[in-house]
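Data block below; observations after.
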Amino acid sequence: MFWLAIVLAYLGDENANDVRLLMSLIFSTDFTPYSSYASGGSTIDMEWTFYLLFPVLVRYMHTWWLPIAWIGVYFVWQYVGFFDKYHFIFNQGMFFVVGGYIYHLVQQGYLQRQLSHSYILPIVWILGIMVLNIDARLWITLCVMSVLMICTAYSSFPLFDNPVMRFLGRISFSLYLIHFMVLAGLASLIKEYGGYGFGVVGMAMLLLPSVLISTGTYYLIEKNGIRLGRWIVKRL
């Protein structure tokens, strides 16, 4: 699905760049001045970089000093970054290692009791909305939303735990790639783009076609790609 998004964007680019195409296909744009041809693909490229580092980092995911050290790396990178690129492993890696440490705490049972109360979810959701409406750094927003996700794992709340949300979770990868394209098309139609200015109506207009297209790509492309991947892995 990711490669398909790249190829479609490349074919639709009047100033197509073959080097950028190659870097996009091999998940390497974060090490170049280019952005991925896939909308939002730079974050996926950064994830692949982390997967290469994971075998080394996983041995220390349970330690308290690793997330603190990487937070320090984050702020150093902000100050002396070799090139101004937000989605880069030195910049974003702290989210992975902090997430790994939180996963360790969850596995050890340190957080379940605190997060298993049903009233926690609405409170965290309200805090998340408050953070999104202020000029906060992205990492603060992500931390709040991460707590929301952890709470969801241990507390059932109908707003988040229902068949619709589960279905959206299944198609979320296609939805992530597709909604950027739909949003670009809608923006050119209604002449309004970005933030809350897009409006509730605009969000609804974005959601329906994105979900419909993503449902098709999930069943026709993603699931078949997963089957192919499993077939290859079994033979390796």
Report summary line: Considering the range 12-24, residues that are touching a helix residue (DSSP H, G or I) at 6+ places or on another chain (Cβ under 6 Å) and of a type in the set (A, V, I, L, M, F, W, C), and then whichever is surrounded by the fewest Cβ atoms within 10 Å (Cβ to Cβ), we arrive at ALA16
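Can we say LEU52 is of a type in the set (A, V, I, L, M), surrounded by 13 or more Cβ atoms within 10 Å (Cβ to Cβ) and closer than 30 Å to GLN108 by Cα? So that I can check it myself, show each step before the final result.
Values: of a type in the set (A, V, I, L, M): yes; surrounded by 13 or more Cβ atoms within 10 Å (Cβ to Cβ): no; closer than 30 Å to GLN108 by Cα: yes.
Answer is no for this residue.
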Query - Of the criteria (1) more than 21 Å from PHE173 (Cα to Cα); (2) open to solvent by less than 90 Å² (accessible area, probe 1.4 Å); (3) of a type in the set (A, V, I, L, M, F, W, C), which one LEU4 fails - result: (1)
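For every residue, the table says whether it meets (1) surrounded by 15 or more Cβ atoms within 10 Å (Cβ to Cβ); (2) at pLDDT 80 or above; (3) out of contact with any Asp or Glu (no Cβ under 7 Å at 6 or more places or on another chain).
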position	(1), (2), (3)
ILE68	no, yes, yes
PHE82	no, no, yes
PHE96	yes, yes, yes
LEU115	yes, no, yes
ILE120	yes, no, yes
LEU138	no, no, yes
THR141	no, no, yes
Query raised in the report: Which of the residues that make up the range 25-38 are surrounded by 17 or more Cβ atoms within 10 Å (Cβ to Cβ) and closer than 22 Å to ASN224 by Cα?
Result: LEU25, PHE27, ALA38
Query - Scope the range 36-54; condition touching a residue at least 12 places away in the same chain (Cβ under 8 Å) and among the hydroxyl-bearing types (Ser, Thr, Tyr); matching residues - result: SER36, TYR37, SER39, SER42, THR43, THR49
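The values are calculated or read from the model by the stated rules, or taken from the named source; none is laboratory data. Computed from a prediction, not measured in an experiment: that's the story for all the values here. Neighbour counts are summed over all protein chains in view; Cβ atoms, including those assigned to glycine, are modelled from backbone coordinates with ideal geometry. To get the accessible areas, we keep the full protein, side chains included, count just its heavy atoms, and leave off ligands, DNA and RNA. Shrake-Rupley method; radii C 1.70, N 1.55, O 1.52, S 1.80 Å.
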